[in-house]
Amino acid sequence: MEFTSDIAVRTEGEVVVVAPVGELDATTSPRLAETLEAIISADTSCRGLVLDFSGVDFCDSRCIGVLVSSYRMARDRGIRLAVAAPQRGVLRLFVIAGIDQVLTVEDDPQRAMKTVLG
């Protein structure tokens, strides 16, 4: 059985919304990392970055590592990052791993967009 993750990226004003779909694990998380690194390091970087996790039905420790690393890169460039709408199982992992204490996690993508804009 092969699991995949698709990643949609769109810009809404000064915010880039990244919306992965599927499972984010050791196989698929590197693609998310590459996508986020490209956005964060772009010359015309955004003011905020929202990771819409409403379509992510599984993530593991590799995904958590990508999120923390991306958060640090974004912070260092003055970009605010938030995770929006994680499904129940993913949110549970965030709480167990303590990621909800590091990253802003909002239940609604629109609220996350307002959060990253300050």
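The values are calculated or read from the model by the stated rules, or taken from the named source; none is laboratory data. Computed from a predicted model, the values in this text were never measured in an experiment. All Cβ positions, even for glycine, are placed from backbone atoms using ideal geometry, and neighbour counts span all protein chains on display.
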Can you find a residue that is among the β-branched types (Val, Ile, Thr) and either within 18 Å of residue 14 (Cβ to Cβ) or at pLDDT below 95 (or both) anywhere in segment 65-77?
no
For segment 3-40, the count of residues that are of a type in the set (S, T, N, Q) and crowded, with 20+ Cβ neighbours inside 10 Å equals 3
Of the residues in segment 43-61, those that are within 17 Å of residue 33 (Cβ to Cβ), of a type in the set (D, E, K, R) and either touching a Pro at 6+ places or on another chain (Cβ under 6 Å) or outside any loop (DSSP other than H, G, I, E, B) (or both) come to 52
Those residues of segment 51-80 which are out of contact with any Leu (no Cβ under 8 Å at 6 or more places or on another chain) and either touching a residue at least 60 places away in the same chain (Cβ under 8 Å) or within 14 Å of residue 19 (Cα to Cα) (or both) amount to 52, 53, 54, 55, 57
In segment 70-92, anything part of a helix (DSSP H, G or I) and either touching a helix residue (DSSP H, G or I) at 6+ places or on another chain (Cβ under 7 Å) or loosely packed, with under 14 Cβ neighbours inside 10 Å (or both) is listed as 70, 72, 73, 74, 75, 76, 88, 89, 92
For residue 27, the lone unmet condition from (1) touching a helix residue (DSSP H, G or I) at 6+ places or on another chain (Cβ under 8 Å); (2) free of Cβ contacts under 8 Å to residues at least 60 places away in the same chain; (3) not in a helix (DSSP H, G or I) is (1)
